[in-house]
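As structure tokens, the structure follows; a few thoughts come after it.
The values are calculated or read from the model by the stated rules, or taken from the named source; none is laboratory data. These numbers come from a predicted model, not from an experiment. We place every Cβ from the backbone using ideal geometry, glycine too, and count neighbours over all the protein chains shown. Heads up: the accessible areas ignore ligands, DNA and RNA and are worked out on the full protein's heavy atoms, side chains in. Shrake-Rupley method; radii C 1.70, N 1.55, O 1.52, S 1.80 Å.
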Amino acid sequence: MDDRGNARGYYGEFGGSFIPEILVATFDELTAAFSEAKADPEFWARYAELMSTYSCRPTPLTFCERLTKHFGGAQIYVKREDLNHTGAHKANNVMGQGLLVQRMGKTRVIAETGAGQHGVATATMAAKFGFDCTIYMGEIDVERQRPNVFWMERLGATVVAVTDGTRILKDAINEAFRDWVTSMDDTHYVLGTACGPHPFPEMVSYFQSIIGSEARDQIRAQTGALPKRIYACVGGGSNAMGIFSAFLDDSEVELIGVEAGGRGLETGEHASRLACGDASVGVAQGYKTYFLQTDDGQMRETHSVAAGLDYVGVSPILANLRDEGRVRFESATDREVIDALALTLKMEGLVPALESTHAFVQAFKEAPNLSPDDVIIINQSGRGDKDIFTVADAFEDPKWREFIKRKAEEYDAGA
Ligand SMILES: *Cc1c(COP(=O)(O)O)cnc(C)c1O
């Protein structure tokens, strides 16, 4: 699957590399280093070894007996990316890029982060490899994500609060690129998802493909067959590409990407680029894909209960797979996500992240209409501990909300 883009990173009409002249040599260097690493069988072996000793790989594939009985249709299995170090599939990507940075002989990494999860994962990787690390974050996000900022700093990273523009993720991206233009000799930019200029979509998908290759072996060992359907949530698209990639050539396996329906597609307050007709093709942030934008090309505000899905663009690889009809796209609303989370907690003792729960919503809608002989897999991209305030809020439990907030503030003040 990794070679489906042409040499310049096009997937159909999507992808490519729209970067300032000054960064061209750096991208060429990265593309060459990645191609060499991919061709070197020892590189993947080292990656797999690192992930098994540092991040709980292979992650289990869990049969959900009670949910299966509850819906009375397909057998429901869950791929447990929540058990990775730092709590999500993001570890697969950052550790892989860490090995590549080491191979290129660079000594410093930078990244941007919105909700802070990618920042924590990158800071963790930098500590493990002994790299200097700077994380760019909009000033507003720094305020909203105090606990993540706390951990990034304890892990040795410098967190820069970006005060330009609207002081959120897109301003942090601009600032990170500004840094890279002056530091590229010793610095690598760790992009967090399967988006951005070539080779990032391919490279991030490559490292995440460990999810699907494990899941394929596991489902065959546990059930003797391939699954009928696979569900994954889609923010930038990296966990979805990760689990889908091993099954792209199995035409009998249906692949379903689930986007953030937010307050409902009809309200316009969502982050659904491929499941509804609101997005249009454009070039931004260095690549071509479907963006949620106005007629004159301004990026629209997006909304989701899950910060990790709240993004205007989407992987060019998924955009192409959608247009080719290989991946079907659906959306789940904030309300549906909270209901599915409540059910999953009580019936299985699983704590999926709000992002991941979007995939559970769609699986729960479809499972009752399938036969008990059918097997489906849901990719649980991460764990929900980080969502404690949002969930307490949604369950309308002011007592706990206040308690948790106070404790967090005390903790922060003492730090
Ligand atoms: C960041 C994140 C996502 C969204 O990113 P993708 O690149 O679309 O996978 C999904 N789930 C979790 C738990 C995340 O932390």
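Sequence-ordered 3J(HN,Hα) estimates for segment 29-43 from the Karplus curve with 6.51, -1.76 and 1.60 and θ = phi - 60° stand at 4, 5, 4, 5, 5, 5, 4, 5, 4, 5, 7, 9, x, 5, 5 Hz, glycine and proline given as x. For segment 92-212, the gyration tensor built on C-alpha atoms gives a rounded shape. Its axis ratio a/c (a ≥ b ≥ c) stays under 1.5. Cut-off under 23 Å on the C-alpha distance; same-chain residues fewer than 8 positions from residue 399 excluded. Which lysines are left, in chain and number order? Cα-Cα hits under 23 Å: 346, 386, 407. Positive-end ranking of 135, 370, 289 along the dipole of the chain, with charges on Cβ about the Cα centre, is headed by 370. Each residue of segment 351-359 was assigned a 3J(HN,Hα) from its phi angle through the Karplus curve 6.51 cos²θ - 1.76 cosθ + 1.60 (θ = phi - 60°); the sequence is 10, x, 4, 4, 4, 4, 4, 4, 5 Hz, with glycine and proline shown as x. Derived scalar couplings between HN and Hα for segment 183-199 equal 10, 4, 4, 10, 10, 10, 8, 8, 6, x, 8, 7, 10, x, x, 3, x Hz in order, rounded to whole Hz, by the Karplus curve 6.51 cos²θ - 1.76 cosθ + 1.60 (θ = phi - 60°), x for Gly and Pro. The distance between label points at residue 153 and residue 335 comes to 4.1 nm (points 7 Å beyond Cα on the Cα→Cβ vector). When each of the peptides 81-93, 120-132 is scored by the mean number of other C-beta atoms lying within 10 Å of its residues, the order from highest to lowest reads 81-93, 120-132.
Compute the whole-percent fraction of alpha carbon pairs in the chain spaced more than 27 Å apart. It would help to have the intermediate numbers written out before the result.
On the way: 41125 of 85905 pairs.
Here the long-distance tail beyond 27 Å is 48 percent of all Cα pairs in the chain.
Expressed as a whole percent, the accessible area of the chain that falls on carbon and sulfur atoms is 49 (1.4 Å probe). According to the Cα-based calculation, Rg over Rh for segment 142-202 is 0.98, with Rh computed by the Kirkwood formula.
Once the 1.4 Å probe is applied to the protein heavy atoms, segment 1-120 comes out at 42 Å² accessible per residue.
In a simple Cβ point-charge model (Lys, Arg +1; Asp, Glu -1; nothing else charged), the chain has a dipole of about 880 debye relative to its Cα centre.
In summary, the lysines within cross-link reach of residue 38, defined as a Cα separation below 28 angstrom excluding same-chain residues under 8 places away, comprise 79, 90, 106, 128, 288. Does anything in segment 96-115 have its amide N under 15 Å from the 7 Å Cα→Cβ label point of residue 29, and if so which residues? Counting only backbone N, you get 100-110.
Database remark: amide H of residue 10 closer than 5 angstrom to the amide H of 16 (H placed geometrically; neighbours at sequence offset of 5 or more, or on other chains; Pro and chain starts carry no H). Treating only the Cβ of Lys, Arg, Asp and Glu as charged (+1, +1, -1, -1), what charge dipole size does segment 205-271 show about its Cα centre? Round to the nearest 20 debye. Once rounded to the nearest 20, the dipole reads 160 debye.
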